[in-house]
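Chemist: Have a look at the structure that comes next, please.
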């Protein structure tokens, strides 16, 4: 694979799409956590009003949503955009990704902090050329934390596999997979766009929890 301007633009486009997709999934986690806290604090009251079925529905929907979101970013496919697919391409071009090439995309401003140097070190051991080993480490970490979730999606959600799914996927497994995707995506967003962020999980600005304080059905 050749690292040229076309490949670089494709990577920038892909990482932007990855950012939007992961941000949406992380926002859904924030909403579910708020919903779950409300349920825990009002468990007896909800039970008295036969709310268990609805709460179970929300939990199942959340699990499916996040599991599918994890699988989208952890699976490489020739017709799909994913974080792992992006990293695999970058790994193939590691020897061509030099600091000089990087500075051509992000020229140094003599009046500003030389952020390009520490940013390039995300993928370089010597500061001069990208390292296959470092990119591979990120790929392997993602695969380690997402493989079980992928199996759950493939055999339970996307298909009713004749072999069934013999493993287990917990809420902690989903959190760990999503946290790894978030952390590694932020690293490559910074590298490819020059925009630093430590998380894609933004703060929800509107008072969305107000809905828990009123009936869903408008009084007559």
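Chemist: Within segment 13-31, how many residues are farther than 16 Å from residue 200 by Cβ and either modelled with pLDDT under 95 or surrounded by 14 or more Cβ atoms within 10 Å (Cβ to Cβ) (or both)?
Modeler: Total satisfying the criteria: 0.
Chemist: Any idea which residue in segment 148-157 is surrounded by the fewest Cβ atoms within 10 Å (Cβ to Cβ), counting only those that are in contact with a helix residue (DSSP H, G or I) (Cβ under 9 Å, 6 or more places away or on another chain) and free of Cβ contacts under 8 Å to residues at least 40 places away in the same chain?
Modeler: Taking the candidates together, the pick is 156.
Chemist: Would you say residue 62 is over 20 Å from residue 8 (Cβ atoms), without any contact (Cβ under 8 Å) to a residue 40 or more places away in the chain and in contact with a helix residue (DSSP H, G or I) (Cβ under 9 Å, 6 or more places away or on another chain)?
Modeler: Considered against the rule, which asks whether it is over 20 Å from residue 8 (Cβ atoms), without any contact (Cβ under 8 Å) to a residue 40 or more places away in the chain and in contact with a helix residue (DSSP H, G or I) (Cβ under 9 Å, 6 or more places away or on another chain), residue 62 comes out as yes.
Chemist: Shifting gears a bit: Exactly one of these conditions fails for residue 183: (1) surrounded by 11 or more Cβ atoms within 10 Å (Cβ to Cβ); (2) more than 30 Å from residue 114 (Cβ to Cβ); (3) at pLDDT 95 or above. Give me its number.
Modeler: (2)
Chemist: Could we say that residue 81 is in contact with a helix residue (DSSP H, G or I) (Cβ under 6 Å, 6 or more places away or on another chain), modelled with pLDDT of 95 or more and either loosely packed, with under 14 Cβ neighbours inside 10 Å or under 30 Å from residue 174 (Cα atoms) (or both) here?
Modeler: yes
Chemist: Then there is this: Could you list all residues from segment 154-175 that are in a helix (DSSP H, G or I) and modelled with pLDDT under 95?
Modeler: Correct list: 154, 155, 156, 157.
Chemist: Does at least one position in segment 196-204 carry a residue that is surrounded by fewer than 15 Cβ atoms within 10 Å (Cβ to Cβ), farther than 30 Å from residue 115 by Cα and free of Cβ contacts under 8 Å to residues at least 24 places away in the same chain?
Modeler: No, that holds for no residue.
The values are calculated or read from the model by the stated rules, or taken from the named source; none is laboratory data. Owing to the predicted nature of the structure, the values given are computational and were not obtained by experimental measurement. Cβ coordinates were reconstructed from backbone atoms using ideal geometry, including for glycine residues, and neighbour counts include every protein chain displayed.
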